[in-house]
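Here is the structure we will look at, set down as C-alpha cells.
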Amino acid sequence: MTTESRLSLLRDARATRRQGKDAIARRQRDRLADLVAFARARSPYYREHYRHLPERGTDPTLLPVTSKAELMPRFDDWVTDPSVTLAAVRAFVEDPALIGEKFLGRYTVSTTSGTTGTPGIFLTDQRVLAVTSAVGARTLSSWLTATDVAHIVARGGRTAMVIATGGHFASTAAAAALRRNRLRRNRIGVFGVHTPMPELVEALNAFRPTLLAPYASMGALLATEQQAGRLHIDPALVVLSAEGLPAPEYDRIATAFGAKVRHSYAANECPFLSQSCAHGWLHLNSDWAILEPVDADHQPVPPGQRSHTALLTNLANRTQPIVRYDLGDAVLVRPDPCPCGDPLPAIQVQGRAADLLTFPARSGQPVTIAPLSVSLTLERLPGVERFQIVQTAPANLSIRLQPTSGADTEQVWQTVHTELTRLLTSHGLDDVTVTRADEPPQQTSGGKYREVIPLT
C-alpha cells in the first residue's frame, strides 16, 4: 500500500487541476517514470520487455505496446505481488461464497467478458481505490454547485446504485463495503441490474434517492419509466456509467428527471479514467492516466482525428501494471480547449454504445432489457468461454456459443438456455424463443465481439 493518504491524494488532485496543464504534465511524467521503474523491478514480464530501455522512462511512446491477449497468458509474471497467481485468483472468482470479499484480504477482483477475444481478470489494490476516491471527489466538486449540495442534503443525501450484483465485479465489492459502513449504509441503496423493472421502480420510489447512479442503458430505461409516471423520484444528479449512449439520450434523461446528467468512460483496467463536463466532453484524468489515440499500426493520431484504438496507461496500479495497453476503443481528442474551462484533455469515445433489447409484450407495452442485464447473466456461468446474443426477430433470440475447452457442450447450452429463459420470464417475456445458432460468436470489423446484437 502506498504511503500516500487519501487526504493528500485529494489535495494533490485538486491542486493539479488548479495549476493547469504544466502541472498535469509534470505529474504524469514523474508518475510514469516511477511506474516503469517499479514494474521493471517487480514484474518478470516487464523486466524482460524493458531490458533495452533507458533507465528512467518518461516518454510513453518508447515503451512496447501490450494487450490483454498477450498479458493474460503471462499473468503470474505480469503481477508484481508474488503471492498472486492466476490459479488462486480463478479459484477465488469461482467460489460464490466469496462474492463481495477481497482476494487475499486486500485486492478487489473484476473480470471482463473478452470483447476483444480474451477474457480478463484484473486486481484493484488499495492505491487504485485511494486514487479513485480522490479523483471522484474532485469530479463531484466540479459537477455540483452549492445549490445542488443543499438540495442533496435537504432531501436526505441518499444514493441509489443500480449495478451488477451477485458476482465478482468491482461494483459488487464496492457496494458491499459501503453497506458495511454504519455511517453510510442507510444512505446507500444497492439495486441489482437484473431486477424486473416493475420491482425496481417500486424500490426506487420507496428509497427516494437524491443521487442516481445506474449503468447508462439502465438510466435510459428508468428515464422512460419516469416519463410514463410510474417512477417518480427527484434526484439532483444522475451519474451514468459502463456504456455509451446516443447523444440525444443524455438530454432526454436530464429532462425526464429534471436533473443534471453526467457520465464517465472507464474500464476495469482503469476505473478513474474520465468524467464528462457540462458540454458533453469527457475529460481524462491525465495526472493519473495516459490515453494515446493511435492508428492500426499503433502510431499516434493527431487531435481532431478518430483513432483506430487507444493505448491506456494506469499510473496508479502497481500490483498489475497497465502500460500502453491496447484498450480497443476508438477515441477523438478535442484539438482546442474545452469551453468548460477544464485543463484536463477532452475526448469523445466512439467505440462504445449501449444496445437495448426491446420485445413485444402481451399487454401491448413493449419490454426493454439493458444489455448488461443479459450479458452478466451468462458471463458467470461455468463452461462459457464466449457468447453472442442476436435478436433475429421481435420475439426470438439466437445464441452463438463458444464453450470453454473440455466443457460438455450440450450441458453448457442447457444451462445457458435455462438461465436466459429465467431472466426473460422474470421480465414477463415467457413467450420469447431462445435458440442456439450454428455459428460461433462473430467479430466486428474492428476485432471486437459484441455480446448483444439487437434487431435492427
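Among the residues that make up the range 337-348, is at least one of them more than 16 Å from the chain's Cα centre (by Cα), assigned to a loop (DSSP other than H, G, I, E, B) and free of Cβ contacts under 8 Å to residues at least 12 places away in the same chain?
yes
Out of Val390, Val367, which single residue is crowded, with 17+ Cβ neighbours inside 10 Å, within 25 Å of Leu200 (Cβ to Cβ) and touching a residue at least 60 places away in the same chain (Cβ under 8 Å)?
Numbers: Val390 fails: within 25 Å of Leu200 (Cβ to Cβ).
Answer to the check: Val367.
Among the residues of the range 56-82, which ones are among the acidic types (Asp, Glu) and under 22 Å from Arg26 (Cα atoms)?
Residue satisfying the conditions is Asp59 alone.
Can you tell me which of Leu372, Leu315, Leu356 is in contact with a strand residue (DSSP E or B) (Cβ under 8 Å, 6 or more places away or on another chain), modelled with pLDDT of 85 or more and of a type in the set (A, V, I, L, M)?
Details: Leu372 fails: modelled with pLDDT of 85 or more; Leu356 fails: modelled with pLDDT of 85 or more.
It is Leu315.
Kindly indicate the residue of the range 300-316 that is in contact with a Lys or Arg (Cβ under 6 Å, 6 or more places away or on another chain) and assigned to a loop (DSSP other than H, G, I, E, B) and also farthest from Val333 (Cα to Cα) among those meeting that condition.
In this case the residue turns out to be Ala316.
List every residue pair whose Cβ atoms lie under 8 Å apart, where the two residues are 6 or more positions apart in sequence or sit on different chains, the first residue falls within the range 6-24 and is in the same structural domain as Asp342 (by TED's automatic domain parsing) and of a type in the set (Gly, Ala, Ser), and the second residue, located anywhere, is at pLDDT below 95 and loosely packed, with under 14 Cβ neighbours inside 10 Å.
Close Cβ pairs satisfying both conditions: Ala23/Ala15.
So, Arg47, is that one out of contact with any strand residue (DSSP E or B) (no Cβ under 8 Å at 6 or more places or on another chain), surrounded by 15 or more Cβ atoms within 10 Å (Cβ to Cβ), of a type in the set (Lys, Arg) and at negative phi or not?
Working: out of contact with any strand residue (DSSP E or B) (no Cβ under 8 Å at 6 or more places or on another chain): yes; surrounded by 15 or more Cβ atoms within 10 Å (Cβ to Cβ): no; of a type in the set (Lys, Arg): yes; at negative phi: yes.
Criteria not met by Arg47.
What helices (runs of 4 or more DSSP H) completely inside the range 28-101 contain at least 3 residues that are farther than 21 Å from Arg380 by Cβ?
Working: elements: 44-49, 68-71, 75-78, 86-93.
Once the helices (runs of 4 or more DSSP H) in the range 28-101 are filtered for at least 3 residues that are farther than 21 Å from Arg380 by Cβ, what remains is 44-49, 68-71, 75-78.
Condition check ((1) out of contact with any strand residue (DSSP E or B) (no Cβ under 9 Å at 6 or more places or on another chain); (2) closer than 25 Å to Gly219 by Cβ; (3) in the same structural domain as Thr224 (by TED's automatic domain parsing); (4) surrounded by fewer than 17 Cβ atoms within 10 Å (Cβ to Cβ)) across all residues:
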{"residue": "Thr377", "(1), (2), (3), (4)": "yes, yes, no, no"}
{"residue": "Ala395", "(1), (2), (3), (4)": "no, no, no, yes"}
{"residue": "Leu401", "(1), (2), (3), (4)": "no, no, no, no"}
{"residue": "Thr418", "(1), (2), (3), (4)": "yes, no, no, yes"}
{"residue": "Leu423", "(1), (2), (3), (4)": "no, yes, no, no"}
{"residue": "Ser426", "(1), (2), (3), (4)": "yes, yes, no, yes"}
{"residue": "Thr435", "(1), (2), (3), (4)": "no, no, no, yes"}
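Sort out which residues of the range 94-123 are buried (at least 17 other Cβ atoms within 10 Å of the Cβ), touching a strand residue (DSSP E or B) at 6+ places or on another chain (Cβ under 9 Å) and not polar (S, T, N, Q), and write them in order of number.
Of everything in the range 94-123, those that are buried (at least 17 other Cβ atoms within 10 Å of the Cβ), touching a strand residue (DSSP E or B) at 6+ places or on another chain (Cβ under 9 Å) and not polar (S, T, N, Q) turn out to be Lys102, Phe103, Tyr107, Val109, Gly114, Pro119, Gly120, Ile121, Phe122, Leu123.
What pairs can you find where one residue is in the range 260-288 and surrounded by 21 or more Cβ atoms within 10 Å (Cβ to Cβ) and in a loop (DSSP other than H, G, I, E, B), the other is at pLDDT 95 or above and among the aromatic types (Phe, Trp, Tyr), and their Cβ atoms are less than 8 Å apart, with a gap of 6+ or different chains?
Qualifying pairs under 8 Å: Glu269/Tyr325; Phe272/Trp288.
Of all residues in the range 62-93, how many are surrounded by 12 or more Cβ atoms within 10 Å (Cβ to Cβ) and either touching a residue at least 40 places away in the same chain (Cβ under 8 Å) or aliphatic (A, V, I, L, M) (or both)?
Number of matching residues: 22.
The values are calculated or read from the model by the stated rules, or taken from the named source; none is laboratory data. Everything numeric here is computed off the predicted structure, so don't read it as measured data. Every residue, glycine among them, receives a Cβ derived from its backbone with ideal geometry; neighbour counts consider all protein chains shown.
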